[in-house]
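J.: Dumping the structure here so I can ask a few things about it.
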Amino acid sequence: MDDLLIARMAEQLLANRRFSDLPAMTRPMNTVWTALNNTLLVLRLPIYHLYLGKPAPKRAVREAAIQSALAMLATFADCVGTKQAIITSHGGHAHAISFQPRPFGINWTARHAIASADDAQLSHGPKVGIDDMLFLAVKVTCAIAGYQAGHMAPSTTTFLFGAAHPAVVVIVREMCGHHHRARLEE
């Protein structure tokens, strides 16, 4: 992602109450990376607790993790102009991830993994890319539906990003007819 996009994301994240405890940093990439890293850390328990041999997290812990992830995704979507994301899964794993409109023309499928030109570059220090946002959408899908890593039900998840409140609405539709919903709480 370019420096201007990272700077916009850092500014919006620092203004968000969910990320108000971010330390002051001189480089916007460090701010965005720290916000993403913290989000991934709180998502660990909801989506890996069986693997970690831990009890399922309490509802408040799970909800806080989901809200942080949705705030991170909403910030990204706002900065790049994405209106929705669709994730399909089968065989226990994500099969396709598509943000629409596609930021910088990038999407992902399990069969034809698509990499950006930035993936080939080596970087020093923390780096956040569009691929991180694509896979964050998968992780929050797991947290919302209660899936454990590697055990996603065949489903289609739709994230709707917009200016209306809430800024994100998520609907997980399992092929067996179950539905799970989440909203970003302002």
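J.: Filter the range 24-44 for residues that are more than 21 Å from the chain's Cα centre (by Cα) and among the aliphatic types (A, V, I, L, M); which is surrounded by the fewest Cβ atoms within 10 Å (Cβ to Cβ)?
T.: Across the range 24-44, the extreme among qualifying residues is ALA24.
J.: Kindly check whether there is at least one residue in the range 62-78 that is within 28 Å of ARG17 (Cβ to Cβ), modelled with pLDDT of 90 or more and in a loop (DSSP other than H, G, I, E, B).
T.: No, the range 62-78 has no match at all.
J.: Looking at the range 132-148, is at least one residue surrounded by 15 or more Cβ atoms within 10 Å (Cβ to Cβ), under 26 Å from HIS90 (Cβ atoms), modelled with pLDDT of 85 or more and charged (D, E, K, R)?
T.: Yes, because at least one residue in the range 132-148 is surrounded by 15 or more Cβ atoms within 10 Å (Cβ to Cβ), under 26 Å from HIS90 (Cβ atoms), modelled with pLDDT of 85 or more and charged (D, E, K, R).
J.: Yes or no: ILE47 touching a residue at least 40 places away in the same chain (Cβ under 8 Å) and either in contact with a strand residue (DSSP E or B) (Cβ under 6 Å, 6 or more places away or on another chain) or buried (at least 17 other Cβ atoms within 10 Å of the Cβ) (or both)?
T.: Here the answer is yes, as ILE47 does meet what is asked.
J.: Ok, one more. Return the residues of the range 1-45 that are β-branched (Val, Ile, Thr) and in a helix (DSSP H, G or I); say none if nothing qualifies.
T.: ILE6, THR31, VAL32, THR34, THR39, VAL42
J.: Now, a different point. Out of curiosity, is ALA110 surrounded by fewer than 17 Cβ atoms within 10 Å (Cβ to Cβ) and under 20 Å from THR158 (Cβ atoms)? Don't jump to the end; show me each part of the working.
T.: Details: surrounded by fewer than 17 Cβ atoms within 10 Å (Cβ to Cβ): yes; under 20 Å from THR158 (Cβ atoms): yes.
So ALA110 passes the test.
J.: Turning to a different aspect of this structure: Quick one: is LYS83 surrounded by fewer than 14 Cβ atoms within 10 Å (Cβ to Cβ), under 19 Å from MET9 (Cβ atoms) and of a type in the set (D, E, K, R)?
T.: In short, yes.
J.: Of the residues in the range 1-26, how many are out of contact with any Cys (no Cβ under 8 Å at 6 or more places or on another chain) and within 17 Å of CYS79 (Cβ to Cβ)?
T.: The total comes to 15.
J.: Within the range 69-99, which residues are closer than 14 Å to PHE159 by Cα and polar (S, T, N, Q)?
T.: If the condition is that a residue be closer than 14 Å to PHE159 by Cα and polar (S, T, N, Q), then THR75, THR82, GLN84, THR88, SER98 are the ones that fit.
J.: Which one of ILE66, ILE86 is in contact with a strand residue (DSSP E or B) (Cβ under 7 Å, 6 or more places away or on another chain) and either under 16 Å from ALA143 (Cβ atoms) or among the basic types (Lys, Arg) (or both)?
T.: Values: ILE86 fails: either under 16 Å from ALA143 (Cβ atoms) or among the basic types (Lys, Arg) (or both).
Just a single option satisfies the conditions, and that option is ILE66.
J.: State whether the residues of the range 113-127 include one that is under 27 Å from PRO57 (Cα atoms), modelled with pLDDT of 80 or more and not β-branched (Val, Ile, Thr).
T.: Within the range 113-127, none of the residues are under 27 Å from PRO57 (Cα atoms), modelled with pLDDT of 80 or more and not β-branched (Val, Ile, Thr).
J.: Consider the range 45-67. How many of its residues are of a type in the set (Val, Ile, Thr) and over 15 Å from the mean Cα position of the chain (by Cα)? Walk me through how you get there before you give the answer.
T.: From the range 45-67, those of a type in the set (Val, Ile, Thr) are 47, 61, 66; that's our starting set.
Then drop every residue that is not over 15 Å from the mean Cα position of the chain (by Cα), which leaves 61.
Summing the residues that are of a type in the set (Val, Ile, Thr) and over 15 Å from the mean Cα position of the chain (by Cα) in the range 45-67 gives 1.
The values are calculated or read from the model by the stated rules, or taken from the named source; none is laboratory data. Keep in mind that this is a model prediction, so the values were computed, not measured. As a convention, Cβ positions derive from the backbone with ideal geometry for all residues, glycine included, and neighbour counts pool all protein chains shown.
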